[in-house]
């Protein structure tokens, strides 16, 4: 299944192919990072910059999971709107959450600039309103963000959407110039190069088989044992395989993406080259690639078995937005798992000497880098921003080992049905 799901446009257009080196023997370090996605690589890099001796272990290759397969949409903030965060936590705490969470955007932009990462970074993100009521909510949120936090976006009526998207019959939307899109696998590879330059030892094809914290952390693979003062568990959808107690807080959802053949006139679909995501519960999200393809994600499944025809599965959603692409060839089709928390807020924290970050709920292209860097800051003795993230409320999914996924699936199906109704 892994090979089929990895048949991605990103893998085909990666800046380079790494030569994996696996972990062997006994090793010691200050920080062992488990997971070679955005969170793990950014965390490893930030730890090394602060003087820590760091080892990173990845079961497959750098960016193999969601970090190297996602839609590449850079959306500032969290899945909760700031009005909801303000109502739930009060003004003072909401302001602290905004300051930390919205800093993720600038952190990613700075990383790309500092390390010269060639990842086709483009500015601009549009959230398109699927229903009239969604536009009303967007307008209220935009006004609140501007008034309370100085984050300025543009509310667009349906008649104004043509400057960004020509299709979909949406009812309006909100354009955020601070958002954007990029080539996610090339970003992950660029971070890995920077991490190795900073002294991080990266071992790929080194699946962790055991993780123990007995005053110091010990991690084992089939061929290696690593002893460390601290660990960062950055495995997101697969955390439960290593730490079952933490795995109770997320469930994996499968998302699917395609890349069309290069289009004759790509700007006829997306004139401003902004990324677009709509406001459905099971949303469509799409953008243009650097070589003029439409990259489109649509639909999701709650079992890990992929559709027999991923391209056909996603094309159904494409033609709802751009019917003129019904016969356009699809050159790449792939998918992967993203973990979601029960309330869609990230689950970041610490248990003993093990730090963890997971449950980014499809909103993690920016916040993952933030999470990794906050762990490094906490290890270096500055935990104020890390504490803000750990204060976000989390609850395990009900149902235990065998019923957790089925019960969550029933709830997700209900919300998806509400969209269709």
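Bear in mind that the values in this text are calculations on the coordinates, not laboratory data. This structure is a prediction, so every number in the text was calculated from the model and none was measured. Heads up, the Cβs are rebuilt from the backbone with ideal geometry, glycines too, and the neighbour counts pull from every protein chain shown.
Relative to the longest principal axis of the C-alpha atoms of the chain, give the angle of the C-alpha long axis of helix 132-149, reported between 0 and 90° and rounded to the nearest 10°.
50
Using a 10 Å cut-off on Cβ atoms, rank the peptides 164-177, 51-64, 210-223 from the highest mean neighbour count down. Write down the numbers at each step before the final one.
On the way: 164-177: 20.1, 51-64: 22.8, 210-223: 14.7.
Order by mean packing, descending: 51-64, 164-177, 210-223.
So how much slack lies between residue 331 and residue 214, counting 0.36 nm per residue of separation and subtracting their Cα-Cα distance, in nm?
Working: separation 117, 0.36 × 117 = 42.12 nm, distance 4.96 nm.
The span from residue 331 to residue 214 would gain 37.2 nm if fully extended.
When the helix-only estimate is applied to the chain (DSSP H runs of n ≥ 4, each -39,500 (n - 2.57), divided by the residue count), what is the mean residue ellipticity at 222 nm, nearest 500 deg cm²/dmol?
Values: 14 runs with 148 residues, N = 421.
Helix contribution divided over all residues of the chain: -10500 deg cm²/dmol.
Can you give the extra length, in nm with one decimal, that the chain gains between residue 146 and residue 225 once fully stretched, where that is 0.36 nm per residue apart less the Cα-Cα distance? It would help to have the intermediate numbers written out before the result.
On the way: separation 79, 0.36 × 79 = 28.44 nm, distance 5.09 nm.
The span from residue 146 to residue 225 would gain 23.4 nm if fully extended.
If R₀ is 45 angstrom, what is the calculated FRET efficiency for the pair residue 24 and residue 268, using the beta carbon separation as r and rounding to 0.05?
Details: r = 53 Å, r/R0 = 1.19.
Here the calculated transfer efficiency is 0.25.
List 280, 344 from most exposed to least, where exposure is judged by having the fewest other Cβ atoms within 10 Å. Don't skip to the answer; put the middle values down first.
On the way: 280 19, 344 14.
With the fewest neighbours first, 280, 344 line up as 344, 280.
Expressed in nm to one decimal, what extension gain is obtained for the pair residue 291 and residue 93 from 0.36 nm per residue of sequence separation less their Cα-Cα distance? All intermediate terms of the calculation are to be shown ahead of the outcome.
Details: separation 198, 0.36 × 198 = 71.28 nm, distance 4.34 nm.
Once the chain is fully extended between residue 291 and residue 93, it gains 66.9 nm.
In a Gaussian network model over the chain where Cα atoms closer than 10 Å are linked, find which of 76, 396, 252 has the largest mean-square fluctuation.
Looking only at 76, 396, 252, the biggest GNM fluctuation is shown by 396.
Quickly work out the residue 84-to-residue 139 label distance, labels modelled 7 Å from Cα along the C-beta direction, and quote it in nm with one decimal.
In this crude label model, residue 139 to residue 84 measures out at 2.1 nm.
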